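The values are calculated or read from the model by the stated rules, or taken from the named source; none is laboratory data. Bear in mind the structure is a predicted one, so any value in this text is a computation, not a measurement. Ideal geometry is used to build each Cβ from the backbone, glycine not excepted, and the neighbour counts take in all protein chains shown. Just so you know, the surface numbers come from the protein's heavy atoms only, side chains and all, with ligands and any DNA or RNA stripped out. Shrake-Rupley method; radii C 1.70, N 1.55, O 1.52, S 1.80 Å.
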Amino acid sequence: MTPNKILVPLDGSEMAEAAIPPALEMAKAGSPLLILMRAADARVLPGTDVIDAQVQAVREAEEYLAGVKAKLEKTGAKGIETHVWYGPAAPAIVEAAKVQKVDLIVMSTHGRSGLGRIIFGSVAESVLRGTRAPILLVRPSGAPVEALAGQGEARPAQKTQPRTRTEATR
């Protein structure tokens, strides 16, 4: 698979930026367009100016993406676009993938489980359920790894010897 357009959703964290190196590596195979995107969603308190908060959230997202793009271009990366989408992360990523007609989404996952996943949700899982585009999930080195509780134990299957015709008829 040689993608022509790779979408890399970022949230401003180092963990999210862990998706950039694998996306760049895939981009070396051809010359695809690398689309860095960020969802901007203003959280406002009652009585505050909603419009100002939205404008500020978009401005901050644009500045962040411009900085990431500049840093990558200094290393020789080419074919990078930046896009800011307004709204919650998962719907923004799904819509960006659809509108941009991307061939691949490369994103990191925080690896939350349990209560953290219930409270914060799983953006990666929501994106997986909301798009038909292939997704490469990257686990940053600092993401927690947990044992799979209550799902049983897996081990390699033993090779079985084919039964002879005599054994099969007994």
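Checked against (1) of a type outside the set (A, V, I, L, M); (2) at pLDDT below 90; (3) farther than 13 Å from Leu104 by Cβ, Pro32 meets all criteria but (3).
Of all residues in the stretch 8-66, those satisfying the criterion of being of a type in the set (D, E, K, R) and in contact with a strand residue (DSSP E or B) (Cβ under 8 Å, 6 or more places away or on another chain) are Asp11, Glu17, Arg38, Asp41, Glu60, Glu62. Mind listing just one residue for me: the one in the stretch 51-72 that is surrounded by 12 or more Cβ atoms within 10 Å (Cβ to Cβ) and more than 21 Å from the chain's Cα centre (by Cα) and, of those, modelled with the lowest pLDDT? Only one residue tops the list, namely Ala53. Say whether the condition of being at pLDDT 95 or above, within 26 Å of Arg129 (Cα to Cα) and of a type outside the set (A, V, I, L, M) is met by at least one residue in the stretch 14-25. For the stretch 14-25, residues at pLDDT 95 or above, within 26 Å of Arg129 (Cα to Cα) and of a type outside the set (A, V, I, L, M): absent.
In the stretch 79-100, the residues that are open to solvent by 70 Å² or more (accessible area, probe 1.4 Å) reach residues that are among the charged types (D, E, K, R) and at pLDDT below 95 with C-beta atoms within less than 6 angstrom, at least six apart or across chains, in these pairs: Pro88/Asp41.
Taking the stretch 116-148 as the range and being basic (Lys, Arg), surrounded by 12 or more Cβ atoms within 10 Å (Cβ to Cβ) and either at pLDDT below 75 or in a helix (DSSP H, G or I) (or both) as the test, only Arg117 passes.
Considering each residue of the stretch 49-63 in turn, none proves to be on the phi > 0 side of the Ramachandran plot and of a type outside the set (A, V, I, L, M, F, W, C). Surrounded by 16 or more Cβ atoms within 10 Å (Cβ to Cβ) and among the basic types (Lys, Arg): does that describe Lys5? Judged against the criteria, Lys5 is a match.
Within the stretch 30-47, residues that are farther than 23 Å from Arg59 by Cβ have Cβ atoms under 6 Å from residues that are modelled with pLDDT of 95 or more and polar (S, T, N, Q) in no pair, counting only partners at least 6 apart in sequence or on another chain. Would you confirm whether or not the stretch 36-50 contains a residue that is of a type in the set (D, E, K, R), surrounded by 18 or more Cβ atoms within 10 Å (Cβ to Cβ) and modelled with pLDDT of 95 or more? There is at least one residue in the stretch 36-50 that is of a type in the set (D, E, K, R), surrounded by 18 or more Cβ atoms within 10 Å (Cβ to Cβ) and modelled with pLDDT of 95 or more.
Of all the numbered requirements in (1) in contact with a strand residue (DSSP E or B) (Cβ under 8 Å, 6 or more places away or on another chain); (2) surrounded by fewer than 18 Cβ atoms within 10 Å (Cβ to Cβ), Thr75 misses one, and that requirement is (1).
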